[in-house]
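Engineer: Questions regarding the structure given below will be posed in turn.
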Amino acid sequence: MKSSDEPFTLLDKRYPSGTLIFEIGDNDPGLNTKLAALVETTGARIVGVNTSWVTDGPSFGSNKVLPHLPIRIAMAWMNPPTAIMPETAVSSSNAAMAIRSHPFAPIV
């Protein structure tokens, strides 16, 4: 999935900045089913095209059209939050305290 930082025109239709672009070759065969489910639940509008030739605005290969990479975040505490150790439980009121009181390290 990619999105364009700027508006573009494709097949005589103008698309606003932030438009999501799904390239079939970069996705698994179930992409159509997943997108259809999103349309059903969100009301999003999907437009299928058979070209990526942009007549105005950034081309899909430019630095103005950026891929959205999967987010990979992990946090490890020395003591996991439990009911037995309430000081390690994370809630909106003590989230900062819990993070400061237990060492954690990013896993890359």
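Engineer: Name the single residue that is surrounded by the fewest Cβ atoms within 10 Å (Cβ to Cβ) among those in segment 52-72 being at pLDDT 90 or above and of a type in the set (Ser, Thr, Tyr).
Structural biologist: Thr55
Engineer: Considering only residues that are of a type in the set (Val, Ile, Thr) and either outside the structural domain of Pro7 (by TED's automatic domain parsing) or assigned to a loop (DSSP other than H, G, I, E, B) (or both), which ones fall in segment 26-56?
Structural biologist: Passing the criteria: Ile46, Val47, Val49, Thr51.
Engineer: Going by what's in this entry, would Glu87 be described as at pLDDT below 90, in a helix (DSSP H, G or I) and of a type in the set (D, E, K, R)?
Structural biologist: yes
Engineer: For segment 1-56, give me each residue that is closer than 21 Å to Pro67 by Cβ and small (Gly, Ala, Ser).
Structural biologist: Ser3, Ser4, Ser17, Gly18, Gly25, Gly30, Ala44, Gly48, Ser52
The values are calculated or read from the model by the stated rules, or taken from the named source; none is laboratory data. Here the structure is a predicted model, which means the values were calculated and not measured. So basically every Cβ, Gly included, is an ideal-geometry build from the backbone, and we count neighbours across all protein chains shown.
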